[in-house]
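Coordinate-derived values only; no laboratory data. Predicted model only: the values in this text are computed from it and were never measured. With ideal geometry, Cβ positions are generated from the backbone for all residues, glycine too; neighbour counts draw on all protein chains shown.
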Amino acid sequence: MQEWERQLFGDHRDPREELSTIFGVDIPASGNVQPEALEWACGVVDVSVMSQVEAIKVLREAEPRLGLRSARYLVQRVFAATP
C-alpha cells in the first residue's frame, strides 16, 4: 500500500512489519516485538518523566520512518516492561 493510501484509509499493517523493515530484523516466531526495536526504544524513552503520548512523539522524532501505529505499539511495550 502506498503512503498516501495509508494516510487516507488508515494504516492497518502489523506494526512488527514496519519495525522489521526499519531495524533490518525478522519478526520473531513468538509474535512479540523485536528485541532490537524494544532495546532502542527503551534507550530513547524515559518512562519516569514522559507520558505515553510524549514518548510516541520522541520516538517518531528520533526515527522519522516510524509510523504512528508502530510507535504506539513500541511505547506500550516499553511502558509495560518498566517496573
Rg/Rh over Cα atoms for region 3-81, Kirkwood Rh, comes to 0.96
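Take the Cβ-Cβ distance between residue 53 and residue 21 as r, set R0 to 22 Å, and report the resulting FRET efficiency rounded to the nearest 0.05.
Values: r = 24 Å, r/R0 = 1.11.
That gives a FRET efficiency of 0.35.
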Length gained, residue 80-residue 13, 0.36 nm per residue minus C-alpha separation, equals 21.9 nm
Under 5 Å from the placed amide H of residue 34, counting only residues 5+ away or on other chains, we find none
With 0.36 nm assigned to each residue of separation and the Cα-Cα distance removed, residue 68 to residue 44 gains 7.0 nm
